[in-house]
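Below is one structure, written out as structure tokens, with a few remarks after it.
The values are calculated or read from the model by the stated rules, or taken from the named source; none is laboratory data. Computed from a prediction, not measured in an experiment: that's the story for all the values here. Backbone-built Cβ (ideal geometry, glycine too); neighbour counts: all protein chains shown.
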Amino acid sequence: MEILLQSCPNFIAKSPVELGAGRHFDFRTFATSRKSCDVKLRAVSRSSGDGSSFVEDVKRNGVLLGAEMDESGAIVGFRLAPQSGDTQVSNDHDNVSSDKEVIVYDELAEKTPTKVTHSIVFVTSEASPYSKTGGLGDVCGSLPIALAARGHRVMVVTPRYLCGEPSDRRFDSAVDLDCRIKVSCSGGVQEVVFYHEYKAGVDWVFVDHPSFHRPGNPYGDSYGAFGDNQFRFTLLCHAACEAPLVLPLGGYTYGEKCLFLANDWHAGLVPVLLAAKYRPYGVYKDARSIVIIHNLAHQGVEPASTYSNFGLPPEWYGALGWVFPTWARTHALDTGEAVNILKGAIVTADRILTVSQGYSREITTPEGGNGLDELLSSRKTVVNGITNGIDITEWNPSLDEHIPSHYSLNDLSGKIECKIALQRELGLPIRPDCPLIGFIGRLDYQKGIDIILSGTPDLLQDDVQFIMLGSGEKQYEDWMRATEATFKDKFRGWVGFNVPISHRITAGCDILLMPSRFEPCGLNQLYAMRYGTVPVVHATGGLGDTVKTFNPYADEGKGEGTGWGFKPLTRERMLDALWVAIETYRKHKRCWGGLMKRGMERDYSWDNAAVQYEDVFKWALIDPPYVS
Ligand SMILES: Nc1ncnc2c1ncn2[C@@H]1O[C@H](COP(=O)(O)OP(=O)(O)O[C@H]2O[C@H](CO)[C@@H](O)[C@H](O)[C@H]2O)[C@@H](O)[C@H]1O
């Protein structure tokens, strides 16, 4: 797309590093420099109260066919045209490619009116199937599709990770938009490139930079977390703020009236940038930002001296500045001063969302707030929780490509075949009647692995089989291997991240164990219930919200509930709950059938959640920007 910004020196503003000690960092520099770059960018990026300057630019340059405005007169997008000749006409969003200009003319647009409700920009460090290390990838791979299906215009901005493995091929169908922007951060100017794929109604935008090309997962490799993650995700956030202004996806930019959904700390700089870098210059005045907390335990905390890497004005230090409590400091001279990206998001975003109502309450308490509870409590009126849905196409026992036999509520025979096949695959004795317990998840403190570790020897005294799939802390991986060697006929530990195996465990087990210490929502218990596998969970956060404990006497003796929730999180309580579940499985087949059925019958689709997200969008837009 030649018309775009190729040489635009975006982020002309010098970073505080470049400006030396000067306290008067002047963002007018930024605004002026922006004007001096390619006039076409000026037309796209500059904001105007009444839109008149846009119309002027259109007339003068012939670049824009017109600014698209909503009822209030706010600019919500632009239609772009090339400067000269050979125009191709297309209304097919799928045809967006680097060698083709896609124009949507008025007549075509009239015939197929866009169902634009909101322009939504997800910013995330992972989005399945392109990248996934956990539940964040699942959510950002499916919620955007659900919102797009409801008529919203949805873009997902995420890195283009290339790690030299076959998984890189997932990005094969994304095309280079030939749009380069420059980002000033970390004391230099970085060029980032945008790739794009339009799929399932969503614009998947991939931010490309050499720092996203390396072996390992999105955050680290076998040596631990990457040392430059702050830099990598700072780049992502800067690029995500530019994307709606500069990318004419399907012929239109998203424009300034966007709803940014910033997921976890990796995207946490987005609300800060809107407030500190754009709004003071009239850009994104009508945009709103919502920070979605999938896990408060990770906040993007680095030494205070790294503040200058963000490309923010010095006077905005207070938004990210953070001081560790005395007990958390490492030595006598440690002042505890740090920058905390998630904190920055919490104090600048228009709304704060978590992925279940239970967790939204917990994060405002000292026990669940990870040091941010007071801050979150101070913004309690804009904190909400919406329980995640799941991708019911990927997780469907009657169609799942990863499992050996299919089954449904009406015909469960395939489930026992899945169990037998799993026992065979993992080399366990093939015993269809033996209670088979599963665990899937990261091997870390959050997931309560230490409780599993202390309870397993007792659990395995019983006539049960136990399968664990996970990777994470080395001590737990080693423990899994050692336990497998000790209990050859009863225990299997699969160390690694393997999606097909996770499906086969979900389908083949009778019980899924989740003793998470905290769980913002949890997806595996939802997958399990959909697959007729009964969850036994620590009743915390989203686990408490989604798993209702079995009561055989309720509903005139028909029973109610979909599993067991135990509390508090102790080895004894976990073993008690497991014992009740195992006994019910063995001795009360009818009750067990009821548990499976009620779990399988539930509605897990994203539709409910999407409607609730729309409410939050509405509330965000009713209020003026929190930081204007
Ligand atoms: N070894 C392995 N092999 C294959 N697949 C594996 C795997 N380990 C985990 N997974 C998969 O990764 C996902 C994990 O999702 P969770 O919601 O359980 O946890 P996570 O803590 O990553 O997510 C955070 O974000 C999500 C989304 O909001 C919240 O539900 C959650 O509470 C919060 O901690 C599931 O799809 C699971 O099957």
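When 496, 522 are checked against the criterion of being within 8 Å of the ligand (Cβ to nearest atom), surrounded by fewer than 24 Cβ atoms within 10 Å (Cβ to Cβ) and not charged (D, E, K, R), 496 stands alone in meeting it. With a requirement of 3 or more residues that are over 30 Å from residue 600 (Cβ atoms), the helices (runs of 4 or more DSSP H) lying completely within the stretch 333-408 that satisfy it span 341-348, 373-378. Regarding residue 455, is this residue within 28 Å of the chain's Cα centre (by Cα) and either touching a residue at least 12 places away in the same chain (Cβ under 8 Å) or away from the ligand (no atom under 11 Å from the Cβ) (or both)? So residue 455 fails the test. From the residues in the stretch 409-438 that are touching a strand residue (DSSP E or B) at 6+ places or on another chain (Cβ under 6 Å), of a type in the set (A, V, I, L, M) and not in a loop (DSSP other than H, G, I, E, B), which one is surrounded by the fewest Cβ atoms within 10 Å (Cβ to Cβ)? Among residues in the stretch 409-438 that are touching a strand residue (DSSP E or B) at 6+ places or on another chain (Cβ under 6 Å), of a type in the set (A, V, I, L, M) and not in a loop (DSSP other than H, G, I, E, B), the one surrounded by the fewest Cβ atoms within 10 Å (Cβ to Cβ) is 436. Being more than 14 Å from the ligand (Cβ to nearest atom) and outside any helix (DSSP H, G or I) is a description that applies to residue 489. One residue alone among 275, 262, 328 is hydrophobic (A, V, I, L, M, F, W, C), farther than 18 Å from residue 376 by Cα and in contact with a Phe, Trp or Tyr (Cβ under 9 Å, 6 or more places away or on another chain), and that residue is 275. Set side by side, the residues 296, 333, 342, 312 differ, and just one is within 16 Å of residue 229 (Cβ to Cβ) and either of a type outside the set (Phe, Trp, Tyr) or without any contact (Cβ under 8 Å) to a residue 60 or more places away in the chain (or both), which is 342. Given the condition within 16 Å of the ligand (Cβ to nearest atom), within 18 Å of residue 537 (Cα to Cα), basic (Lys, Arg) and surrounded by fewer than 22 Cβ atoms within 10 Å (Cβ to Cβ), answer yes or no: does some residue in the stretch 466-486 qualify? For the stretch 466-486, residues within 16 Å of the ligand (Cβ to nearest atom), within 18 Å of residue 537 (Cα to Cα), basic (Lys, Arg) and surrounded by fewer than 22 Cβ atoms within 10 Å (Cβ to Cβ): absent.
Residue-by-condition table, conditions (1) part of a helix (DSSP H, G or I); (2) buried (at least 19 other Cβ atoms within 10 Å of the Cβ); (3) at pLDDT 95 or above:
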{"residue": "270", "(1), (2), (3)": "yes, yes, yes"}
{"residue": "278", "(1), (2), (3)": "yes, yes, yes"}
{"residue": "292", "(1), (2), (3)": "no, yes, yes"}
{"residue": "298", "(1), (2), (3)": "no, no, yes"}
{"residue": "307", "(1), (2), (3)": "yes, yes, yes"}
{"residue": "315", "(1), (2), (3)": "yes, no, yes"}
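Every listed requirement among (1) among the charged types (D, E, K, R); (2) more than 30 Å from residue 388 (Cα to Cα); (3) crowded, with 21+ Cβ neighbours inside 10 Å is met by residue 329 save one, (3).
Report, by residue number, each residue of the stretch 546-561 that is out of contact with any strand residue (DSSP E or B) (no Cβ under 8 Å at 6 or more places or on another chain) and not polar (S, T, N, Q). Hits for the stretch 546-561 are 552, 553, 555, 556, 557, 558. Of all residue pairs spaced 6 or more apart or on separate chains, those with beta-carbon atoms under 7 Å, a first member in the stretch 605-628 that is at negative phi and a second member that is of a type in the set (Ser, Thr, Tyr) are 606/142; 609/387; 626/348; 627/348.
Name the residues in the stretch 116-134 that are away from the ligand (no atom under 15 Å from the Cβ) and surrounded by fewer than 20 Cβ atoms within 10 Å (Cβ to Cβ), would you? 116, 117, listed by residue number.
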